[in-house]
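These notes are about the structure you will find just below.
The values are calculated or read from the model by the stated rules, or taken from the named source; none is laboratory data. Values in this document were obtained by computation on a predicted structure and should not be read as measured data. Counting neighbours? That spans all protein chains shown, and the Cβs are built from the backbone with ideal geometry, glycine included. Keep in mind that these areas ignore ligands, DNA and RNA; they rest on the heavy atoms of the full protein, side chains included. Shrake-Rupley method; radii C 1.70, N 1.55, O 1.52, S 1.80 Å.
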Amino acid sequence: MRSRPGCGRPSVREDQLRNLIDSRVRRPQAVAEAAAHRRRPGSLLGEHGRLMMIAADHPARGALRAGGRALAMADRSDLLDRLCLALSRPGVNGVLGTPDILEDLLLLRALDDKVVVGSMNRGGLAGTTFEIDDRFTAYDAKSLTATGFEGGKMLIRIDPEDPATAATLEAGAKAIGELAKHGLMAMVEPFISHRVDGRVRNELTAEAMIRATCVAAGLGATSAYTWLKVPIVEEMERAMAATTLPALILGGEVTEDQDAAFASWSKALTLPTVQGLVIGRSLLYPPNDDVAGAVDAAVSLL
C-alpha cells in the first residue's frame, strides 16, 4: 500500500486502483453511472466565498514536467494519489481536468460536492509546430452537460505571427456560446504568445495580459457565463482593470520560492474581480513534496 505524498495515511490503495482498471476493462458504463450518482455542489463558491480549484489537465497536452522533474506527471497512480489528497483538504471545492483524469476521479468517488470543469481544447500539443492550432479534442458543451459537470475550460493563445490563431479564436467563441446555452461556466485562459527559438512562449507583461483579456472577454455571443483564468504579472491591478469578468489566478510553473508565489497570489486576491485560485503543479508537486501543506497554505490565502 502506497502513502499519500506529504502524508502518512494511505490514499489510492492498490485494490482501488485494480478496481478502477477492472471497471474500465469490464464495465465502461461505470463512468456514466458514477457521474449520475455524483453529489453536485450547490454553488461555484466554497464556504470561504471563493473558488479553490486543483488543475490537472497538463498531461493531455504532453506537458508532464513539474519543476526539475521532467516526467513528474507521467505516473498516473501517483498523480491520482496527489489529486485525491488535494481534493480532500478543507477549502478545496473544485477540480479542472481532461476526460481520462476526471473519469478516474469519478470512479474513485473523489468528486462529490466539487465544482468540476472539463478541459476542452488539448490539440495544441506542447513543443509541436502546430501548437497554436489548438483544436478542441476533449470535452464539448454537450458532453459536459450530459456528465453533469459545472463548466468547460479553454486555452486561447494569440500569436500575432501565426495564422492558426484565427481558427482557435473562432472555435473558442463557438464553445463559449454553446456552454452558455447550457448554463455552464466557460473558463477562458488567454495569452499573447510568440515563438522563441521554435517554442511557444507566453508574454507575461501587464500590456500583453490587458490585450489578451480584452480579446477573451469579447468572445462568444454572450459573456454572462465567462470566467477568466489568468497568470500573475507585474502591475496586476492594471491587467485586472481591463474587464469586469470574474477571474481566477493560475499557478504556473513550479518555483523553489514558494513563499513568493503565495505572496503574489495573496495580493491578487485583493482585487475585486479575482474570485479564487486554479493551481496545478505548484500544489501537486511542491518543492518539499508536502502536498497537504502546500494546499492548506493556498487555502489560507482565501
Scanning region 134-143 for residues that are in contact with a helix residue (DSSP H, G or I) (Cβ under 6 Å, 6 or more places away or on another chain) and open to solvent by less than 20 Å² (accessible area, probe 1.4 Å) gives Asp134, Ala141
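Has region 214-235 got at least one residue that is of a type outside the set (Phe, Trp, Tyr) and without any contact (Cβ under 8 Å) to a residue 12 or more places away in the chain?
Quick first cut of region 214-235, residues of a type outside the set (Phe, Trp, Tyr) only: 214-224, 226, 228-235.
After this cut, where a residue has to be without any contact (Cβ under 8 Å) to a residue 12 or more places away in the chain as well, the list is 218.
The answer is yes, given that some residue of region 214-235 is of a type outside the set (Phe, Trp, Tyr) and without any contact (Cβ under 8 Å) to a residue 12 or more places away in the chain.
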Restricting attention to region 264-302, the residues that are in a helix (DSSP H, G or I) and either surrounded by fewer than 24 Cβ atoms within 10 Å (Cβ to Cβ) or within 16 Å of the chain's Cα centre (by Cα) (or both) number exactly 17
Quick test of your reading of the structure: Leu106 fulfils all but one of (1) farther than 22 Å from Asn288 by Cα; (2) surrounded by fewer than 18 Cβ atoms within 10 Å (Cβ to Cβ); (3) touching a helix residue (DSSP H, G or I) at 6+ places or on another chain (Cβ under 6 Å). Name the failing condition by number. (2)
Which numbered condition trips up Asp112, out of (1) in a loop (DSSP other than H, G, I, E, B); (2) buried (at least 17 other Cβ atoms within 10 Å of the Cβ); (3) touching a residue at least 24 places away in the same chain (Cβ under 8 Å)? (2)
Please tell me if Ala261 is crowded, with 19+ Cβ neighbours inside 10 Å and more than 15 Å from Glu189 (Cα to Cα). yes
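Any idea which of Asp75, Asp81 is within 16 Å of Tyr285 (Cβ to Cβ) and free of Cβ contacts under 8 Å to residues at least 40 places away in the same chain? Write out each step before concluding.
Values: Asp81 fails: free of Cβ contacts under 8 Å to residues at least 40 places away in the same chain.
Only one candidate qualifies: Asp75.
Across region 189-207, which residue is surrounded by the most Cβ atoms within 10 Å (Cβ to Cβ) among those that are touching a residue at least 12 places away in the same chain (Cβ under 8 Å) and among the aliphatic types (A, V, I, L, M)?
The initial filter retains those residues of region 189-207 that are touching a residue at least 12 places away in the same chain (Cβ under 8 Å), namely 189-195, 199-200, 202-206.
Of the ones still in play, those that are also among the aliphatic types (A, V, I, L, M) are 192, 200, 204, 206.
On the way: Ile192: 20, Val200: 18, Leu204: 15, Ala206: 17.
Among residues in region 189-207 that are touching a residue at least 12 places away in the same chain (Cβ under 8 Å) and among the aliphatic types (A, V, I, L, M), the one surrounded by the most Cβ atoms within 10 Å (Cβ to Cβ) is Ile192.
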Of the conditions (1) of a type outside the set (Ser, Thr, Tyr); (2) open to solvent by less than 40 Å² (accessible area, probe 1.4 Å); (3) part of a loop (DSSP other than H, G, I, E, B), the single one that Gly42 does not satisfy is (2)
Assuming Ala212 fulfils every condition listed in (1) in contact with a Phe, Trp or Tyr (Cβ under 9 Å, 6 or more places away or on another chain); (2) over 14 Å from Gly172 (Cα atoms) apart from one, which condition is it? (2)
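Filter region 197-214 down to residues that are hydrophobic (A, V, I, L, M, F, W, C) and closer than 10 Å to Arg157 by Cβ and give me whichever is modelled with the highest pLDDT. Lay out the reasoning, then the answer.
Of region 197-214, the ones hydrophobic (A, V, I, L, M, F, W, C) are 200, 204, 206, 208-210, 212, 214.
Checking which are closer than 10 Å to Arg157 by Cβ leaves us with 200, 212.
On the way: Val200: 95, Ala212: 98.
Looking at residues that are hydrophobic (A, V, I, L, M, F, W, C) and closer than 10 Å to Arg157 by Cβ, I get Ala212.
Scan region 225-246 residue by residue and report those that are open to solvent by 50 Å² or more (accessible area, probe 1.4 Å), within 20 Å of the chain's Cα centre (by Cα) and farther than 30 Å from Gly127 by Cα.
Restricting attention to region 225-246, the residues satisfying the condition of being open to solvent by 50 Å² or more (accessible area, probe 1.4 Å) are 225, 232, 234-235, 237-238, 241, 244.
Imposing the further condition that a residue be within 20 Å of the chain's Cα centre (by Cα) reduces the set to 225, 232.
Correct list: Tyr225 only.
May I ask you to say which residue of Asp57, Asp22, Asp81 is crowded, with 17+ Cβ neighbours inside 10 Å, farther than 25 Å from Val274 by Cβ and either of a type in the set (D, E, K, R) or more than 21 Å from the chain's Cα centre (by Cα) (or both)?
None of the others qualify; the one that does is Asp81.
Report, by residue number, each residue of region 144-185 that is within 16 Å of Cys214 (Cβ to Cβ), assigned to a strand (DSSP E or B) and either open to solvent by less than 10 Å² (accessible area, probe 1.4 Å) or among the β-branched types (Val, Ile, Thr) (or both).
Within region 144-185, the subset within 16 Å of Cys214 (Cβ to Cβ) is 156-158, 160, 165, 169, 172-173, 176.
Next cut, assigned to a strand (DSSP E or B) only: 156-158.
Within region 144-185, Ile156, Ile158 meet the criteria.
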Step by step: first the residues of region 208-218, then only those that are hydrophobic (A, V, I, L, M, F, W, C) and either open to solvent by less than 20 Å² (accessible area, probe 1.4 Å) or part of a strand (DSSP E or B) (or both), then the one that is farthest from Thr273 (Cα to Cα). Which residue is that? Ala208
Close pairs (6 angstrom Cβ cut-off, 6 or more residues apart or separate chains): in a helix (DSSP H, G or I) in region 84-103, polar (S, T, N, Q) anywhere: Cys84/Ser11; Leu85/Ser11
